[in-house]
1. Condition test on Ala199, is it touching a His at 6+ places or on another chain (Cβ under 9 Å), under 19 Å from His233 (Cβ atoms) and surrounded by fewer than 19 Cβ atoms within 10 Å (Cβ to Cβ)?
2. Mind listing just one residue for me: the one in region 253-312 that is among the β-branched types (Val, Ile, Thr), crowded, with 20+ Cβ neighbours inside 10 Å and within 23 Å of the chain's Cα centre (by Cα) and, of those, nearest to Gly355 (Cα to Cα)?
3. Would you confirm, using the coordinates I've provided, whether Glu157 is assigned to a helix (DSSP H, G or I) and either at pLDDT 95 or above or closer than 23 Å to Asp254 by Cα (or both)?
4. Within region 177-187, work out how many residues are over 14 Å from Asp147 (Cα atoms) and either out of contact with any Leu (no Cβ under 7 Å at 6 or more places or on another chain) or surrounded by 23 or more Cβ atoms within 10 Å (Cβ to Cβ) (or both).
5. May I ask you to verify whether Arg51 is more than 28 Å from Leu231 (Cα to Cα), in contact with a Lys or Arg (Cβ under 9 Å, 6 or more places away or on another chain) and not assigned by TED's automatic domain parsing to the domain that holds Leu137?
6. Restricting to region 33-51, count the residues that are in a helix (DSSP H, G or I) and of a type in the set (S, T, N, Q).
7. Taking region 92-114, which residues are under 18 Å from Ile188 (Cα atoms), of a type in the set (A, V, I, L, M, F, W, C) and in a strand (DSSP E or B)?
Amino acid sequence: MTHRFSFALHATDGASRTGVIDTPRGQIRTPAFMPVGTAATVKAMLPESVRQTGADILLGNTYHLMLRPTAERIARLGGLHRFMNWDRPILTDSGGFQVMSLSDLRKLTEKGVTFRSHIDGSKHELTPERSMEIQRLLGSDIVMCFDECPALPASRERIAESMALSMRWAQRSRDAFGDRPGHALFGIQQGGLEPDLRAESARALIDIGFDGYAVGGLAVGEGQEAMFGCLDHATGVLPVDKPRYLMGVGKPDDIVGAVKRGIDMMDCVLPSRSGRTGQAFTRHGVVNIKNARHQEDPRPLDEECRCPACRGYSRAYLHHVFRAGEMISGMLLTWHNLTYFQDIMQGMRDAIAAGTFASWEADFHTARRAGDIDPI
């Protein structure tokens, strides 16, 4: 691929932004929500169904794919896009977050991390260079540099040490990535909830030079108020002309609050995971379809929704198939949740372009505070 990765900012409204990321495999409208395809699949969904929800890009997981079926096998089979039948952009994370969560099974050094597989206990090493190699084999369009993500709360000393290590790994990731036309490398800002450490991290990343910049180390236990407080200053020290990606977020109100503070991209397993456990996100709040009050309700989950679950099925039916343990329950509820998340993104894109984000946000929160539609 000779076509270069690029980002065009089309409009702003306060700190919120809308634009387009251009890649050889298609455009990504921002702000963008990326459904998570951990093991080369968005659970309970066909790739064409994910596309119908409005998704422009998916996220794949380096850690899980390197263990099973392995990046080398995926490369032999034509790369991740062909392997999972998704011909649009894919972003792969670096594996750092998953390795962090294996604190009892890992050993951290300057070189990288050695860890034991959660699948079979086999020993593996993940370094900045190996993470870049895996993501190259997968063929992802947007590659994340390898970093360490400490869980919060943590001491300032621990956060500062971790951030400095991540910046050294960022340089090694940049060196190992090289020049790959058509593919992009994103740096990851760290620094916990400390404004000065976030600014120091941003300066280091900008000096190295990346195609986009992620805000890492959030949504790891600090709470929404603290996360928003961090974003109030963390985005302002990142380049205006590059995409900004908040990793691992989140709930609908987290997403809206992040866009309000200048974030362009997000991902989270929540819409698919919640769908499989009987939880649906709607314009009027959260619906737990397992509750008995839905068993004779003929209405849809959300009367304004365009998804198959809302166009063709009643709450009573969705309650029944969930209680019966039928696979169609997770399929329909996941399709609904992903559609709703994409509708939020489209609503924000339209509002930012029109300069009406504040009123859109007020309406969004008002509808959610009103709660689920009245019982019949």
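The values are calculated or read from the model by the stated rules, or taken from the named source; none is laboratory data. Note that the structure is a prediction, hence the values are computed from the model and not measured. Here the Cβ is made from the backbone with ideal geometry for all residues, glycine too, and neighbour counts use every protein chain on show.
1. Yes, satisfied.
2. Looking at residues that are among the β-branched types (Val, Ile, Thr), crowded, with 20+ Cβ neighbours inside 10 Å and within 23 Å of the chain's Cα centre (by Cα), I get Val259.
3. Yes: the conditions hold for Glu157.
4. Final tally of qualifying residues: 7.
5. Yes: the conditions hold for Arg51.
6. Total meeting the criteria: 1.
7. Answer for region 92-114, where residues must be under 18 Å from Ile188 (Cα atoms), of a type in the set (A, V, I, L, M, F, W, C) and in a strand (DSSP E or B): just Val113.
Conditions tested, residue by residue: (1) surrounded by fewer than 23 Cβ atoms within 10 Å (Cβ to Cβ); (2) over 14 Å from Ile142 (Cβ atoms).
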site: Phe7; (1), (2): yes, no
site: Gly14; (1), (2): yes, yes
site: Ala71; (1), (2): yes, yes
site: Asp87; (1), (2): yes, yes
site: Ser94; (1), (2): no, no
